[in-house]
1. In the stretch 130-161, what count of residues is obtained for those that are open to solvent by 30 Å² or more (accessible area, probe 1.4 Å), within 21 Å of Leu80 (Cα to Cα) and modelled with pLDDT of 90 or more?
2. Going through the stretch 84-121 one residue at a time, which ones are more than 15 Å from Asp137 (Cβ to Cβ) and under 19 Å from the mean Cα position of the chain (by Cα)?
3. Taking Ser145 and the conditions (1) assigned to a strand (DSSP E or B); (2) of a type in the set (Gly, Ala, Ser); (3) in contact with a Phe, Trp or Tyr (Cβ under 6 Å, 6 or more places away or on another chain), which numbered condition does it fall short on, given that it satisfies the others?
Amino acid sequence: MSPHIALLRAVNVGGRKVLKDDLLGLATDLGFDDAKTLLASGNLVLWGEAGEGLEARLEDGLERRMGLRTDFMVRTAAELQAVIAANPFREQAATRPNHLLVSFLKTPIDGDTVEVLRAAIKGREEVHAEGRALYIDFKDGIGDSTLDRDWKKTKREPLGTMRNWNTVLKLADMVAA
């Protein structure tokens, strides 16, 4: 049975708390007896037959279970490996993986939106889009970056959830084991 990586958007921030037991309970509710979580940031790995519409089933299930509506971005192990292989920032991944983030998107980002994003950059951040992944190199760190705030001003938001490179690799290790 192939694993699926389910990444929650906007949880454990701003009072939107989803605990490990909530995620494992959700997995059981949906018929996944074998599931694991990684860290406390909305990372759920499911083993089993996923069937169609897994993202929607997870979103609806979490809302039923907790009264919380949020988006899930689901990837197969092969899709996660493709994200790792397509990383355009290999040196940064090796030297400062906590400053390299991947935004896992619901749908591919179009070239026009990528250009709007690049125009919104006021610092030294770099971005690269590849399918349903947006790679962001926060050269000077994430904490002082204004990219998120400046991007929101454009009123164009590809729906996704970010994970730093360390987390991406840990998830890959989980599904490879």
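The values are calculated or read from the model by the stated rules, or taken from the named source; none is laboratory data. In this text the structure is predicted, and so the values were computed from the model without any measurement. Reconstructed Cβ throughout: ideal geometry from the backbone, glycine too, with neighbour counts over all protein chains shown. Accessible surface is based on the protein model in full, side chains and every heavy atom, while ligands, DNA and RNA are left aside. Shrake-Rupley method; radii C 1.70, N 1.55, O 1.52, S 1.80 Å.
1. The qualifying residues number 3.
2. If the condition is that a residue be more than 15 Å from Asp137 (Cβ to Cβ) and under 19 Å from the mean Cα position of the chain (by Cα), then Ile84, Ala85, Phe104, Leu105, Lys106, Thr107, Pro108, Ile109, Asp110, Thr113 are the ones that fit.
3. Ser145 satisfies all of (1) assigned to a strand (DSSP E or B); (2) of a type in the set (Gly, Ala, Ser); (3) in contact with a Phe, Trp or Tyr (Cβ under 6 Å, 6 or more places away or on another chain) except (1).
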